[in-house]
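Let me begin by presenting the structure, written as structure tokens, before commenting on it.
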Amino acid sequence: MNYVLSAAGILALAVLLSVLFTAYVARKVEALLPPTGRCVDVPGARLHVREFAGGAPGAPAILLVHGLTGQLAHFTFGVTGRLQGRHRLVAVDRPGSGYSTRAPGVPADLRTQAAALAALIEQLGLERPLVVGHSLGGALALALALDHPRHVGALALVAPLTHMQDRVPSVFEGLTILSPVWRTIVAWTLATPVSIKNSRATLDAVFGPEPVPDDFATRAGGLLGLRPGAFLAASDDLRFLPDCLPEQQTRYAELDLPVSILYGKDDRILDPQAHGQALADKVRGARLELVEGGHMLPMTNPEATAAFIAATAARCRGGARAAAVHG
């Protein structure tokens with residue numbers, strides 16, 4: 001009996017220390033990397049956005065949407081600086097990610113997140129922006145264009161998730177916990193110390209074959225992923241995909257707007273053919289461009305990413321002029 005009590009006591013102490021460590025890391029990270037923009041309330045969410053004013057006359061605004069486990073600094077790291085002045089830019093933390101929050105009980109499925117972004121576009125007066133989506137943000141950009149076509153002028157998709165896969169990439173398997181109770185327990189006990197321990201291997205897998213930028217943890221906001229809320233948000237993102245992505249991928253032929261797709265030839269997270277070419281085959285006029293590199297092009301190759309976005313914006317602008325002439 002004493003042995004059992006002693007073991008239970010040790011376990012309880014270990015759990016307590018893990019919770020305290022997790023809370024300590026979250027506070028330190030948020031002190032080091034506070035919000036860089038402002039918050040906009042939309043139905044079901046409070047969205048953290050960072051805006052860059054400017055833009056040539058007639059140039060479309062650009063809305064930048066990050067991927068799984070990310071936040072808006074993935075774009076402000078190197079892409080926005082290369083587009084600033086030519087377009088009005090808005091980088092957004094997806095609902096639940098970064099410094100954006102979801103209202104209690106609001107699901108993390110693509111259609112619900114797309115509705116939040118549509119409301120943001122209306123509130124900010126973006127007028128059919130070019131929507132850029134990276135990875136899971138690509139799936140969300142597609143959902144936005146399908147459900148709210150009047151809100152989107154064109155899509156520029158960077159290494160987008162477009163079709164349901166049989167398996168989650170191995171580096172994200174730890175996020176696939178079905179039980180909400182266990183997800184919360186793991187988020188507040190194991191997720192942070194394990195993420196710290198495995199950070200090098202995880203980042204090498206996600207960024208490979210390209211190197212991880214030296215300042216990814218700070219300037220690209222990588223440390224924000226150590227917070228328990230980041231784990232829970234990413235887990236929710238994955239949990240809802242089977243409920244929405246299979247149906248979404250049957251609708252891609254409905255898209256009637258410029259769609260450009262950029263992929264790294266050596267992407268180790270999502271296959272360029274299964275996601276890039278498969279989408280291009282379903283969308284009339286869609287263009288797939290392959291470049292050297294892996295999955296994290298906004299940070300490993302911001303020059304090519306910004307050039308790709310600018311080229312798509314030119315197509316969007318041209319389409320808007322044509323629509324005005326024929327209207």
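Out of everything in region 247-282 that is assigned to a strand (DSSP E or B) and in contact with a Pro (Cβ under 7 Å, 6 or more places away or on another chain), what residue ends up being surrounded by the fewest Cβ atoms within 10 Å (Cβ to Cβ)? Among them, the one singled out is Y263. Within region 124-143, residues that are more than 13 Å from L110 (Cβ to Cβ) sit with their Cβ atoms under 9 Å from residues that are polar (S, T, N, Q), at 6+ positions apart or across chains, in these pairs: L130/T312; V132/T305; V132/T312; H134/T305. For L16, the conditions (1) assigned to a helix (DSSP H, G or I); (2) closer than 30 Å to G153 by Cβ; (3) of a type outside the set (G, A, S) all hold with the exception of (2).
Please indicate, with yes or no, whether at least one residue in region 175-183 is among the β-branched types (V, I, T) and at pLDDT below 90. The answer is yes; a qualifying residue exists.
Taken residue by residue, region 25-32 has no member that is within 17 Å of the chain's Cα centre (by Cα) and either free of Cβ contacts under 8 Å to residues at least 12 places away in the same chain or buried (at least 23 other Cβ atoms within 10 Å of the Cβ) (or both). Taken over region 52-93, residues that are out of contact with any helix residue (DSSP H, G or I) (no Cβ under 6 Å at 6 or more places or on another chain), part of a loop (DSSP other than H, G, I, E, B) and surrounded by 24 or more Cβ atoms within 10 Å (Cβ to Cβ) amount to 3.
Within region 123-150, the residues that satisfy the criterion of being in contact with a helix residue (DSSP H, G or I) (Cβ under 7 Å, 6 or more places away or on another chain), modelled with pLDDT of 95 or more and under 25 Å from R38 (Cβ atoms) are P129, L130, V131, V132, G133, H134, L136, L140, A143, L144, H148.
The values are calculated or read from the model by the stated rules, or taken from the named source; none is laboratory data. Please read all numbers here as calculations on a predicted model, not as lab measurements. Backbone-built Cβ (ideal geometry, glycine too); neighbour counts: all protein chains shown.
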